[in-house]
Structure formats: structure tokens, C-alpha cells
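Input: a single structure, listed below in C-alpha cells.
Since every read-out is calculated from the coordinates, none of them should be taken as a lab result. Note that the coordinates shown come from a computational prediction; the quantities given were computed from them, not determined experimentally. Here Cβ is always computed from backbone atoms with ideal geometry, including for glycine, and neighbour counts include all displayed protein chains.
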Amino acid sequence: MSATRLVLVPTPIGNLADMTHRAVAELRGADVVAAEDTRRSRVLLDHYGVTTRLERLDAHTIAARAPALLEAHAHVAFVTDAGSPGISDPGAELVRLALDMGATVEALPGPTALVPAIVLSGLPTARFTFEGFLPRKGSERARRLAGIAASGATSVLYEAPQRLAATLGDLARACGPGRPASVSRELTKLHEETVRGPLGELAEAFAGRDVRGEIVVVIGPAPEPPPAAEQRPAELAEALAGAGVRGRLLQSALVALGVPRNEAYRLAIAAPGADSPKE
């Protein structure tokens, strides 16, 4: 059994002043600081006068290097490029490995882009789901888009700048262009920006922009299904099919949005390019 103490240390997502006293103390007191990118982390450590030795430990090296590193040191601090380790980064794999080895794992509270983006969106915060990064293509992307479209909770996802416009377009087709949403980028930095509006307008606004920085997209929950007489199932089916939702996925999404099961089945069959959904 390992006697190692692994501490996940959050680092600022932009503004270096967001580093906590406790985080700095953990970095100074550790035997070694394992970092996703030693060059980026060196800038932060130098800023706070931390002289602890740095070792690179990223998604490509954790499996091969982490066991020996944890065995060799009693106190290991781990930092990622920005934010709280373990959220959409290699930290999650390191935690699983450390626990399997019997190490003690601690996670310090600190900066993350997730929470400020939700608050700044102005959308409901009582319930939300975090989607991380969506798959880039294929049936799994379509499945996740359908889930967001049908969700009764606010949805939050990260996206790369070069893929933002395409993702907003897919979301507008899946959820409807009128679904409220927000796009936050460069949080805590000099050029911080949050743009709010319907998904259709956001998709159009960002289509022609050269976007930079870290992106957080927040999508409002699906509205309560209207009475059956007011529903427009064919339009819902067309919007979801346009986002790549087909077959059983389309049928399930329509049912979740309040369409009767038999009608959802018929519309799923009739959708362009659809295979017959099997019961």
C-alpha cells in the first residue's frame, strides 16, 4: 500500500491573483509538483516564488510515469494547465490510479470556469448538467445533442474556439433556435466576455468571428411541454433530424419532449435518411 498523499491543486483560469494561500502552501510543501505542462506551470510557480521540483505528467505519460512518481514521494501536488484538476483533463485518470495504489487523495477548492459561466449566463442554476467537451462527430455527438435538447436542467459544455460556431449551429438545430443560452470566454482575463441570447442568434453572431480563448457554453433547460393541441411534433422532428438525430434516438428525444410514443415512432420513420427505429 502506498503512503503517498496526492493533492490536486487548482490554479487560476486566467487571473494569477485567484491563487489561494492554501494552494501556494501545498505547492511549496510538496516533495514534487506534477504538472500537465511544466512550461506553463513554471510561470505560475515563479510568480509565487515556489521552487519545488516540477515533473511533467500529462495524458500521454500518466500511465507510464505516475506509479513510479507516487511510489517515490510522500507528498505529490498535481496541477493542470488551468482550473481544478480532474475536470475535463488528465487529473481524473491520475486520481483513479492513485486510489488503486492506496494513496490518500485530496482536492483543494479553487478556480474553475464552470461555475462563473453558469452564474453569468442568467439561466436557472438550481439544476445543471456538465457535458464537458462534446464528441466531434458521429452518433455519440447526436445522442448528446438530443439529451441536451430534452433536458429539464441547464446544460453546460466546454468548446474549442475553432469549433464554437459549428457547435452553436448544431445546438440551435437540436434545441430550437429560440432556446436561451450564453457563451462565455476568457473568464477572469482582461478581455472577458459573456454573450447571451437565443441559440439561433448566437450561432449567427459567432459564425463570422475569429474567437479566441477558453469557451463555456450554457444552454437553458427545455421548456415544459405545451398541451398536446399546441405541440408541433413535425417541426421538432425536423429540427432534431437536422442535427443528426436519427432512428431510435430521434424517437426517444421526441417522447422526452412530450410527443406521444406512436407519433414519435411515425415521425422517426419519416425523417429523411432515417432507419426504421426498432421497438
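One table, with the values for the structure above:
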read-out	value
GNM result for the chain, Cα springs below 10 Å: residue of 79, 24, 33 fluctuating most strongly	24
Relative contact order (%) - criterion: Cα under 8 Å, at least six apart; region: segment 114-219	33 percent
Assigned charges on the beta-carbon of Lys, Arg, Asp, Glu; the chain dipole about Cα centre (debye)	360 debye
Segment residue 262-residue 25, extension gain: residue separation times 0.36 nm, minus the distance between their alpha carbons	79.2 nm
Inter-label distance for residue 53 and residue 196, nm, one decimal - labels placed 7 Å from Cα along Cα-to-Cβ	5.1 nm
Computed P(r) (all Cα pairs; segment 133-224; 10 Å bins; percent)	17, 54, 26, 3
Label-point separation in nm, residue 71 to residue 235, each point 7 Å along Cα→Cβ	6.4 nm
Point-to-point label distance, residue 139-residue 115, nm (Cα→Cβ direction, 7 Å offset)	3.9 nm
Mean Cβ neighbour count within 10 Å, used as a protection proxy, ranking 57-69, 111-123 highest first	111-123, 57-69
Environment charge of residue 56, counting only residues whose C-beta is closer than 15 Å and scoring Lys/Arg +1, Asp/Glu -1	-2
Sum of -39500 (n - 2.57) over DSSP H runs of 4+, divided by residues of the chain (222 nm, nearest 500)	-12000 deg cm²/dmol
